[in-house]
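FYI, it's all coordinate maths here, none of it is from the lab. As the structure is a computational prediction, the values presented were derived from the model and not from experiment. Counting neighbours? That spans all protein chains shown, and the Cβs are built from the backbone with ideal geometry, glycine included.
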Amino acid sequence: MNFLSYIALSQSYFYNSEFDAAAELAQSAIDSNPRFSVPQALLAAALTRLGRASEAKAAAQRVLALQPGFTIGGFAKTVAIAADVYARFATAWRDVGLPD
């Protein structure tokens, strides 16, 4: 499977509140393409929901290292994702401290 497939599956599992699977698939996407910020952001969201705050913050910092201009609002503008799906990620990203 390629990293885009892992990303899509991670998003689906996150949306369905299956955060362990979402985190695992986000990590698989990172392993496949470590220089892409999106799977790091997905990992940060899933780890936040799992209560693994220090790991989530580390993933959020990697998002900002890979994409210094990352914002939650900017992500919404560049990635086609349904509003109800996006809201769940946005809330988790705010909780982990990613910028609006």
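A few notes on this one:
- Couplings 3J(HN,Hα) of region 2-12, computed from phi: 8, 4, 5, 5, 4, 4, 4, 5, 4, 4, 4 Hz, in residue order, whole Hz [Karplus 6.51 cos²θ - 1.76 cosθ + 1.60, θ = phi - 60°; x for Gly and Pro].
- Shape descriptor for the chain: Rg over Rh equals 0.91 (Cα atoms; Rh from the Kirkwood inverse mean 1/r).
- Here's the picture: charge each Lys and Arg Cβ at +1 and each Asp and Glu Cβ at -1 in the chain, and of ALA90, ILE7, LEU64 the one pushed furthest to the positive end of that dipole is LEU64.
- Dipole magnitude for the chain: about 260 debye, using +1 per Lys or Arg Cβ and -1 per Asp or Glu Cβ, origin at the Cα centre.
- Karplus (6.51, -1.76, 1.60) ³J(HN,Hα), θ = phi - 60°, over region 20-29, in Hz, Gly and Pro reported as x: 4, 5, 4, 5, 4, 6, 4, 5, 4, 5
- Of ALA60, ALA76, ALA90, the residue with the greatest mean-square motion in the GNM of the chain, using alpha carbon springs below 10 Å, is ALA76.
- Euclidean distance between Cα centres, region 62-93 to region 1-39, Å: 14
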